[in-house]
Amino acid sequence: MEEKFDELKRMLDYDFKDPELLAQAFRHASYVNEQGEPYLKDNERLEFLGDAVLDLCIGHLLMERFEDAEEGVLSKFRAMVVGETGLYQVAKALGLGAYLLLGKGEEQSGGREKPSILANTVEALIGALYLDAGFDKSMEITRKFFDPLLDRLGTQEMIQDFKSLLQEYTQQVYKTLPHYRLVAETGPAHDRTFKVALLLEGEVLAEGVGKSKKEAEQQAAKEAYECLIRG
């Protein structure tokens with residue numbers, strides 16, 4: 001584990017003054033519960049702190065990049081970056097799954113690859129960095145590892161993440177998943193156009209049009225997500 005942490009510290013370009021903070025960031029509650037050691041702390045408090053630090057860091061970076069963007073657009077972009085999908089991508093890039101300490105059940109169910117666990121671990125790591133090094137270093141590391149996501153904001157590639165973003169949102173708020181239904185298919189065989197309806201709790205929430213069903217679904221998810229976060 002120490003050798004693995006050495007590799008992580010090299011990628012972060014930071015050596016923790018308090019190694020326990022780094023270890024705690026990867027200690028899942030399922031592991032701590034199985035150990036039964038009162039001195040062991042799981043990563044949930046660090047996750048709570050890291051969530052707030054990331055919101056501030058990403059908000060600052062978005063203000064730098066999009067000087068003329070309105071508050072609603074900035075909020076949407078931040079939600080895309082710090083949501084489960086974005087954090088999962090950062091976790092995979094850093095290989096954070098290899099460092100996790102999981103309980104036996106969580107290990108056997110593939111916890112090292114679960115987007116929710118990996119996303120929470122990113123937040124815990126940022127929380128640990130903030131406590132050990134302060135805000136400036138946390139901002140520096142956030143900038144380094146979130147820049148690829150920030151570069152994609154507003155691009156067609158980023159729109160593809162709206163399906164995952166919407167699914168995460170509806171699971172959390174409505175405890176259900178959106179459904180997609182093909183409602184129209186027009187044009188000649190070599191140039192088809194697809195129209196898809198997105199339903200939430202049986203009601204049509206949005207529609208999308210594209211040159212493939214996948215593209216139409218992505219567009220419908222984008223429209224639905226923006227509608228929901230605007231309230």
Quick check on my filter: what residues within the stretch 125-177 are open to solvent by 10 Å² or more (accessible area, probe 1.4 Å), modelled with pLDDT under 95, among the hydroxyl-bearing types (Ser, Thr, Tyr) and over 14 Å from the mean Cα position of the chain (by Cα)?
THR155, TYR174, THR176
Within the stretch 1-49, take every residue that is aromatic (Phe, Trp, Tyr) and more than 20 Å from LEU118 (Cα to Cα) and give me the one that is nearest to the chain's Cα centre (by Cα).
TYR14
From the set of residues in the stretch 85-119 that are among the small types (Gly, Ala, Ser) and in contact with a Lys or Arg (Cβ under 8 Å, 6 or more places away or on another chain), which is surrounded by the most Cβ atoms within 10 Å (Cβ to Cβ)?
GLY97
When the residues of the stretch 38-65 are filtered to those that are touching a residue at least 12 places away in the same chain (Cβ under 8 Å) and not in a helix (DSSP H, G or I), which remaining residue is most open to solvent (accessible area, probe 1.4 Å)?
LYS41
For the stretch 186-210, which positions are of a type in the set (Val, Ile, Thr) and open to solvent by 70 Å² or more (accessible area, probe 1.4 Å)?
THR186, VAL204, VAL209
How many residues, within the stretch 102-116, are part of a helix (DSSP H, G or I) and either touching a Leu at 6+ places or on another chain (Cβ under 6 Å) or closer than 13 Å to TYR31 by Cα (or both)?
7
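The values are calculated or read from the model by the stated rules, or taken from the named source; none is laboratory data. Everything quoted here is computed from the prediction, not taken from an experiment. Don't worry about glycine lacking a Cβ; one is built from the backbone with ideal geometry, like all the others, and counts go over all protein chains shown. SASA here: full protein model, heavy atoms, side chains in, ligands and nucleic acids out. Shrake-Rupley method; radii C 1.70, N 1.55, O 1.52, S 1.80 Å.
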